[in-house]
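Take a look at the structure below.
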Amino acid sequence: ARPEGPPGAGRPPDGAWDALTDQPIRVGLAASVESVVVSARGAFSLTVYSGAARRLQASSGEEWTFVGTDAGITARSSGGQSLELAQGTVRLRPEAPAAMVVNGVAYRGEIEVYPAAPGSLTVVNVVGMEAYLRGVVPGEIGARSPAEIEAVKAQAVAARTYAAASSGGRAAGDFDVLATIADQLYQGADFEDPVCDRAILETAGLILTFAGRPAHTYFHSTCGGRTAARHEVWELGELPYLRSLPDGGGRASRPDDAWCRSSPSFTWTVSWTGDEVARLVRGQLPAVASTPVREPIGDIVGLAATERSPSGRVRWLEVRTTSGTYRVFGDRVRWLLLRPDTGGILRSAWFDLDVKTSGGRVVRVTARGRGNGHGVGMCQHGALGQARAGRSCEEILAHYYPGTALARLRDVW
């Protein structure tokens, strides 16, 4: 439920977006899919860029179904129009300010559709950075009270910086970010929120930099009392502003004094039966183990965290089976031990294991853990806790990304 506030609280003034110089970003909505349906909430045009450009007109609500073929793309509309192309791009743009609609989801900006591998196509939303953030920030930090605006502003800066640092980083440079949690969750125009909009406007164009370049501003839900360094979670290089830090609001060495202690995922417990663990290991281990897995995997005879990172998270998880012993590194353990209730990944890699065996086989495993997410960079529940305590956006960002500096996006991107 949306927190209540006084009438108009947090709502940006009319016309505020018109004053922005909005640098474009390319968002991958669908990569290498078989088909997509595109329409708009107003009249729109389709421009086919394949050899000589040609233009078609479409009415409001007219649906175009694009299908990937071995020869490229075919498309047909509910209004009886059609097109084919072997290579190139189709760009769909509204004739007046109106949302484009892709598979039922509304987006600001324009849509591009182009062939990918034979039988598939890729869909990209070309949209201004600030308009993109309007579809990202609410999904990442939620609908918040105006009293928490400083945390929302910190989220807006972190999300803008993440997108800038990711420029050209997906699909061989064809787009900058994916619209999923693989990068940042982008929900489009129908999920915009007035408090988030205000935070985006109040920080418009601001990013964090390190050594003159956009910083890698990872963020996560709940650190559990201490953030993690990037290199201890993923097999990536060490960065001085992404180190392990206490999240304490008072006695910083005590996890229970963390800013994020009000998070529902601050601590948690998950249990699996032996059969559930065996199914997970057989299904997930080949994709996450650091060494090749021999098939058949056989019985699961042991499971142990053999090494921990300085932040307390599991650095190496050892899986002992009758076919061999395998190791899983860092955050990948979350994709091995899927939660039995939802099938989702484990909340974090900060946990202790209680493993029971019988007859040489694992019969029950219980994980008692802290936090939700990879733990690197900004803790979102921690940022909210700091905002409620009166800390500013700048103080929150300095806490989670020490050594970075605020700069204008146009100066570095």
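Miscellaneous remarks
- Relative contact order for the chain: 16 percent, from Cα pairs under 8 Å spaced at least 6 residues apart, divided by residue count.
- Mean residue ellipticity, 222 nm, helices only, the chain: the sum of -39500 (n - 2.57) across DSSP H runs of n ≥ 4, divided by residue count and rounded to 500, is -5500 deg cm²/dmol.
- Cβ-derived FRET efficiency at R0 25 Å, residue 361 paired with residue 327, nearest 0.05: 0.80
- Summing charges over neighbours of residue 69, with a neighbour being any other residue whose Cβ is under 13 Å away from its Cβ, gives -2 when K and R count +1 and D and E count -1.
- By accessible area, using a 1.4 Å probe on protein heavy atoms only, the chain has 48% of its surface on carbon and sulfur.
- Taking only the C-alpha atoms of the chain, the Rg (one decimal) and the largest Cα-Cα distance, Dmax (whole number), read 23.7, 73 Å.
- 13 Å beta-carbon shell around residue 300, net charge (K/R +1, D/E -1): +2
- Inter-site label distance for residue 354 and residue 16 at 7 Å from Cα along Cβ, in nm: 5.0
The values are calculated or read from the model by the stated rules, or taken from the named source; none is laboratory data. In this text the structure is predicted, and so the values were computed from the model without any measurement. Methodologically, a virtual Cβ is constructed for each residue, glycine included, from the backbone with ideal geometry; neighbour enumeration extends over all protein chains shown. Protein only, heavy atoms only, side chains kept; ligands, DNA and RNA dropped before computing areas. Shrake-Rupley method; radii C 1.70, N 1.55, O 1.52, S 1.80 Å.
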